[in-house]
Amino acid sequence: MGAGHGHRLHFHAHSPLHRAPSHLKVVGLVGFMLVVVATPPQAWPAYAVYAALLLGVVALSTVPPTYLAKRMVVEVPFVVFALLLPFVATGPRTEVLGLTVSEPGLAAAAALLVKATLGVLAALTLAATTEPDDLLRGLQRLRMPDLLVQIMGFMIRYLDVVTAELGRMTTAMRARGCEPRSPRHWPALARAMGSLFIRSYERGERVHLAMLSRGYDGRLPR
């Protein structure tokens with residue numbers, strides 16, 4: 001994204017998927033996810049077809065499966081919710097591994113897990129094969145509101161800056177005998193998060209003033 005700020009999702013390669021226009025990849029991702037979400041939970045053959053199609057796209061992209069697997073940790077909240085669903089849902093009960101669970105809840109959990117996995121893997125494949133600049137230009141070609149595109153661009157650009165600031169604050173806390181992972185020190189961590197928010201807000205104000213002084217009129221130069 002310029003200014004030396006890299007990104008952790010993109011995988012540099014020269015596959016046909018990397019060279020494909022970004023706006024077409026965005027349309028393909030949205031269409032694929034809409035089809036997956038609209039598929040009934042009982043249509044397991046259809047999910048198998050979706051999975052085979054997606055794995056074929058991953059193979060075409062030449063992105064190593066391990067590269068994507070490490071980043072699928074973002075799916076953990078969906079997995080936790082899916083594991084809890086059979087125990088809290090109502091309806092006829094059945095026994096699985098010695099545990100009594102809801103049959104409708106079990107079916108809903110399986111469908112949720114499959115849909116979430118397909119969606120996350122498809123999104124990660126798009127991120128791994130598309131540079132952030134190309135993705136933003138693709139969204140512009142799809143007529144997304146320019147202000148939203150600008151906000152997304154700044155979010156990507158300054159994500160590493162804010163992350164580095166958090167790392168420095170965490171190091172300073174540990175140097176003073178405060179372990180952020182300890183529940184005893186969570187109040188100090190909460191105050192640090194508040195301070196990070198204020199610093200980020202002030203940085204945004206300074207950046208905005210600098211943009212205005214350089215002639216910013218609501219649209220960034222191409």
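If you filter region 77-117 down to residues that are among the β-branched types (V, I, T) and open to solvent by 70 Å² or more (accessible area, probe 1.4 Å), you find that the one that is farthest from the chain's Cα centre (by Cα) is T100. Based on what the data block shows, is T66 open to solvent by 50 Å² or more (accessible area, probe 1.4 Å) and not assigned by the TED database to the domain that holds D160? Criteria met by T66. The residue pairs whose first member lies in region 98-113 and is within 24 Å of V74 (Cβ to Cβ) and in a helix (DSSP H, G or I), whose second member is open to solvent by 60 Å² or more (accessible area, probe 1.4 Å) and of a type in the set (A, V, I, L, M), and whose beta carbons are closer than 8 Å, counting only pairs six or more residues apart or on different chains, are G105/V88; A109/L83.
Rundown of residues vs (1) outside the structural domain of H23 (by the TED database); (2) of a type in the set (V, I, T); (3) on the phi > 0 side of the Ramachandran plot, yes/no style:
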{"position": "V120", "(1), (2), (3)": "no, yes, no"}
{"position": "D160", "(1), (2), (3)": "yes, no, no"}
{"position": "G177", "(1), (2), (3)": "yes, no, yes"}
{"position": "G194", "(1), (2), (3)": "yes, no, no"}
{"position": "V207", "(1), (2), (3)": "yes, yes, no"}
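Of the candidates V74, V36, V26, the single residue that is in a helix (DSSP H, G or I) and exposed (fewer than 13 other Cβ atoms within 10 Å of the Cβ) is V74.
Within this structure, A116 passes the test of being touching an Asp or Glu at 6+ places or on another chain (Cβ under 8 Å) and either within 30 Å of V36 (Cα to Cα) or in the same structural domain as Q42 (by the TED database) (or both). Here A52 fits the description: of a type in the set (G, A, S), under 20 Å from P16 (Cα atoms) and open to solvent by 40 Å² or more (accessible area, probe 1.4 Å). Against the numbered list (1) touching a residue at least 12 places away in the same chain (Cβ under 8 Å); (2) of a type outside the set (S, T, N, Q); (3) touching a helix residue (DSSP H, G or I) at 6+ places or on another chain (Cβ under 7 Å), R157 comes up short only at (3).
The values are calculated or read from the model by the stated rules, or taken from the named source; none is laboratory data. Predicted, not measured: the structure shown is a model, and the values here were computed from it. Neighbour counts run over all protein chains shown; Cβ positions are idealised from the backbone, glycine included. The accessibility values were calculated without ligands, DNA or RNA, using every heavy atom of the protein model including side chains. Shrake-Rupley method; radii C 1.70, N 1.55, O 1.52, S 1.80 Å.
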